[in-house]
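I am attaching a structure below and will ask some questions about it afterwards.
The values are calculated or read from the model by the stated rules, or taken from the named source; none is laboratory data. Every value quoted in this text rests on a predicted model; they were computed, and no experiment measured them. Cβ sites come from the backbone with ideal geometry, for glycine too, and all protein chains shown count toward neighbours.
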Amino acid sequence: MINKIRKKLVIGYSIAIIVILIASIVAGYMALSRITLKMNQKSLFLYLANEVYESQEMLKAWQTNHHLKTRIRQITAHKRSFNNVVYWYAPDGRLLMAEELASSISPKLREKLDAWNFPSGTLQNILVSSAEGKKPWFFMMVSQDIYDDNNTYLGRVIVGTNMSPFASIANKYYLVSALIVLAVSILAFWVGNFFASKAIKPIKISIQKQKEFVADASHELRTPLSILLSSVDILKKNESNRELIADMKNEILNMKHLINDLLVLARSDSEKENLVFEDFNLADCIKSVVRNFQSLAFEKKIDILFSSEECIPFYGDENKIRQLIAILLDNALKYSQEKTQIKVTAMATDGDILIKVKDQGVGIPENQLNKIFERFYRVDKARSRSTGGFGLGLPIAQTIVQAHGGKIKVCSKINEGSVFEVRIPIKSS
Ligand SMILES: Nc1ncnc2c1ncn2[C@@H]1O[C@H](COP(=O)(O)OP(=O)(O)OP(=O)(O)O)[C@@H](O)[C@H]1O
Ligand SMILES: [Mg+2]
């Protein structure tokens, strides 16, 4: 499945990049050809304007001498602007004079111009086919009817420019673009593969964790269920077994507790927990949780000391914060020997709220400090089972702290004790 997702991501990335590239190449080509065309049109009209006065003089001279032969000058690149051509026609349509390209294409262009019947001043694109197998030439032409001062029609001048070099530049542009698209496609595929693998990594980890989670959860639920099952079997034989019923009740409560915890975690996964934010006094909130734990602590001859300022204004979900403190206190009590002390402190520091729960308990091995926040993780599996833990308290605590935008960390020394430190940024309502 992961590989399928990766393939899809790579193909998606690559197609997106290639489409963007092709779109920008086409847009670039369109913009470039439009600008080139406009520039050439402008210079063609300027060229025509330059020729008009000269043409008037010249056509007048031809009027007085009808017997002069047609003069055609072939212009090579070094003599004049290589791409421009100009043709003068008498009123009867006879070509009088021409300045054209020194190319075998010129007679063919002339043939086409002889049939010119477009109105004065309109631009025309003319294609002239060249030798077999070669691309046709492309000219942009415009004509102007010439009159003398008495408004007598003297003839027509047609000027044009050879656009073929631009067409061949466009072809090269296409070729270079195709090569770029090919190179970028290969690169996109490679880069896509790299990023897809990176993007998939957290998903892979999350699927792995999910699998472990389901395995652990089913394992945890199977144990009490088998206990209940065997107890029911015994009960069937002997109905007056009070102890067994008490054990069964315990196991049922355990399962209820576990399912509750699983539900809390599942909800926090699927949606950002629906926290109910409100203003409250954090000092009072912690104090009342500590009070609830005093009787349990008394049984274990453990002192719980709480110190904080009188009032710590806090904006957050009071019930969740209570649950957080309860989880930390529950652990501190569970993992401490008799006649020890637990210190709970709360204070407002620079922009943060700092809560510490410090015990003198069994401590946590250094190499497991970052694992205890994982679901179902217990340092001593056998002992925790006997103390009724599932390894879900700290993951829930972490979810609560993170939902408030804070961080939780732990320092611990084996046989000396642990300190859990919660830091939450102060928000205002
Ligand atoms: N204050 C502590 N001192 C020593 N070890 C601790 C302390 N708090 C947590 N641990 C260790 O971290 C593990 C995970 O704690 P967590 O609260 O998540 O689970 P639990 O207490 O075992 O079970 P649950 O909280 O679900 O009833 C515990 O099993 C324990 O090994
Ligand atoms: Mg716990």
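Scanning region 98-152 for residues that are assigned to a strand (DSSP E or B) and among the hydroxyl-bearing types (Ser, Thr, Tyr), which turns out surrounded by the fewest Cβ atoms within 10 Å (Cβ to Cβ)?
We begin by selecting, within region 98-152, every residue assigned to a strand (DSSP E or B); these are 98-101, 124-128, 137-147.
Still in the running and among the hydroxyl-bearing types (Ser, Thr, Tyr): 143, 147.
Numbers: SER143: 23, TYR147: 12.
Residue satisfying both the conditions and the ranking: TYR147.
Turning to a different aspect of this structure: Looking at GLN360, is it closer than 30 Å to LYS211 by Cβ and among the polar types (S, T, N, Q)? Please lay out each step first, then the result.
Working: closer than 30 Å to LYS211 by Cβ: no; among the polar types (S, T, N, Q): yes.
No: the conditions fail for GLN360.
Is one or more of the residues making up region 78-85 at pLDDT 80 or above and not in a helix (DSSP H, G or I)?
yes
Determine whether region 340-350 contains at least one residue that is within 36 Å of the chain's Cα centre (by Cα) and at pLDDT 90 or above. Full working, then the answer.
Applying the first criterion (within 36 Å of the chain's Cα centre (by Cα)) to region 340-350 yields 350.
With the extra rule that they be at pLDDT 90 or above, the set shrinks to none.
Checked against the condition, which is being within 36 Å of the chain's Cα centre (by Cα) and at pLDDT 90 or above, region 340-350 yields no hits at all.
Look through GLY160, GLY192 and report the one residue that is surrounded by 11 or more Cβ atoms within 10 Å (Cβ to Cβ), assigned by TED's automatic domain parsing to the domain that holds VAL19 and at negative phi. It would help to see each step written out before you state the result.
Working: GLY192 fails: assigned by TED's automatic domain parsing to the domain that holds VAL19.
Answer to the selection: GLY160.
Please determine whether any residue of region 261-274 is in contact with a Gly (Cβ under 9 Å, 6 or more places away or on another chain) and within 16 Å of ligand 2 (Cβ to nearest atom).
In the first step, residues of region 261-274 are kept if they are in contact with a Gly (Cβ under 9 Å, 6 or more places away or on another chain); the result is 261.
From what's left, within 16 Å of ligand 2 (Cβ to nearest atom): 261.
Among the residues of region 261-274, at least one is in contact with a Gly (Cβ under 9 Å, 6 or more places away or on another chain) and within 16 Å of ligand 2 (Cβ to nearest atom), which makes the answer yes.
Within region 278-318, how many residues are of a type in the set (Lys, Arg) and assigned to a helix (DSSP H, G or I)? Can you show your working first?
Restricting attention to region 278-318, the residues satisfying the condition of being of a type in the set (Lys, Arg) are 287, 291, 300-301.
Applying the additional criterion that residues be assigned to a helix (DSSP H, G or I) yields 287, 291.
Residues flagged as of a type in the set (Lys, Arg) and assigned to a helix (DSSP H, G or I) within region 278-318 amount to 2.
Further question: Within 15 Å of GLN294 (Cα to Cα) and within 16 Å of ligand 2 (Cβ to nearest atom) - does that describe any residue in region 357-367?
Applying the first criterion (within 15 Å of GLN294 (Cα to Cα)) to region 357-367 yields 357, 359.
Imposing the further condition that a residue be within 16 Å of ligand 2 (Cβ to nearest atom) reduces the set to 357, 359.
The answer is yes; a qualifying residue exists.
Report yes if ASN238 is exposed (fewer than 13 other Cβ atoms within 10 Å of the Cβ) and under 19 Å from PHE376 (Cα atoms), otherwise no. Show your work before the answer.
Details: exposed (fewer than 13 other Cβ atoms within 10 Å of the Cβ): yes; under 19 Å from PHE376 (Cα atoms): no.
Criteria not met by ASN238.
Evaluate the following for GLY155: is it within 19 Å of ASN84 (Cα to Cα) and either assigned to a strand (DSSP E or B) or under 57 Å from the mean Cα position of the chain (by Cα) (or both)?
On the way: within 19 Å of ASN84 (Cα to Cα): no; either assigned to a strand (DSSP E or B) or under 57 Å from the mean Cα position of the chain (by Cα) (or both): yes.
No; evaluated as a whole, the condition is false for this residue.
Further question: For region 389-403, check the following and say yes or no: at least one residue is more than 16 Å from ligand 2 (Cβ to nearest atom) and either part of a loop (DSSP other than H, G, I, E, B) or of a type in the set (Ser, Thr, Tyr) (or both). Break it down stepwise before answering.
Of the residues in region 389-403, the ones more than 16 Å from ligand 2 (Cβ to nearest atom) are 402-403.
If we keep only those that are either part of a loop (DSSP other than H, G, I, E, B) or of a type in the set (Ser, Thr, Tyr) (or both) too, we end up with none.
No, every residue in region 389-403 fails to be more than 16 Å from ligand 2 (Cβ to nearest atom) and either part of a loop (DSSP other than H, G, I, E, B) or of a type in the set (Ser, Thr, Tyr) (or both).
Please specify each residue of region 346-363 satisfying the condition of being assigned to a strand (DSSP E or B) and closer than 16 Å to LEU333 by Cα. Explain how you work it out, then say what you get.
Step one: of region 346-363, the residues assigned to a strand (DSSP E or B) are 346-348, 352-359.
If the condition is that a residue be assigned to a strand (DSSP E or B) and closer than 16 Å to LEU333 by Cα, then LYS356, VAL357, LYS358, ASP359 are the ones that fit.
Name, by its number, the condition in (1) within 12 Å of ligand 1 (Cβ to nearest atom); (2) crowded, with 21+ Cβ neighbours inside 10 Å; (3) hydrophobic (A, V, I, L, M, F, W, C) that does not hold for ALA326.
So ALA326 meets the others, but not (2).
Somewhere in region 90-97, is a residue touching a His at 6+ places or on another chain (Cβ under 9 Å), surrounded by 15 or more Cβ atoms within 10 Å (Cβ to Cβ), in a loop (DSSP other than H, G, I, E, B) and modelled with pLDDT of 85 or more?
Scanning region 90-97 turns up at least one residue that is touching a His at 6+ places or on another chain (Cβ under 9 Å), surrounded by 15 or more Cβ atoms within 10 Å (Cβ to Cβ), in a loop (DSSP other than H, G, I, E, B) and modelled with pLDDT of 85 or more.
Find all pairs meeting these conditions: Cβ atoms under 8 angstrom apart; at least six residues apart or on different chains; first residue within region 322-339 and charged (D, E, K, R); second residue more than 6 Å from ligand 1 (Cβ to nearest atom) and assigned to a loop (DSSP other than H, G, I, E, B).
That search, which allows pairs on different chains as well, returns LYS334/THR387; GLU338/LYS300; GLU338/LYS301; GLU338/ILE302; LYS339/LYS301; LYS339/ILE302.
Quick check: is even one residue across region 357-367 surrounded by fewer than 18 Cβ atoms within 10 Å (Cβ to Cβ) and acidic (Asp, Glu)?
yes
Residue by residue through region 281-305, note down the ones that are free of Cβ contacts under 8 Å to residues at least 40 places away in the same chain and of a type in the set (A, V, I, L, M, F, W, C). I'd like the intermediate steps shown before the answer.
Quick first cut of region 281-305, residues free of Cβ contacts under 8 Å to residues at least 40 places away in the same chain only: 281, 284, 287-288, 291-292, 294-296, 298-301, 303, 305.
Within region 281-305, LEU296, PHE298, LEU305 meet the criteria.
Assess whether SER412 counts as being among the small types (Gly, Ala, Ser), part of a strand (DSSP E or B), in contact (Cβ under 8 Å) with a residue 24 or more places away in the chain and near ligand 1 (Cβ under 8 Å from one of its atoms).
Details: among the small types (Gly, Ala, Ser): yes; part of a strand (DSSP E or B): yes; in contact (Cβ under 8 Å) with a residue 24 or more places away in the chain: yes; near ligand 1 (Cβ under 8 Å from one of its atoms): yes.
Against the criterion (among the small types (Gly, Ala, Ser), part of a strand (DSSP E or B), in contact (Cβ under 8 Å) with a residue 24 or more places away in the chain and near ligand 1 (Cβ under 8 Å from one of its atoms)), SER412 qualifies.
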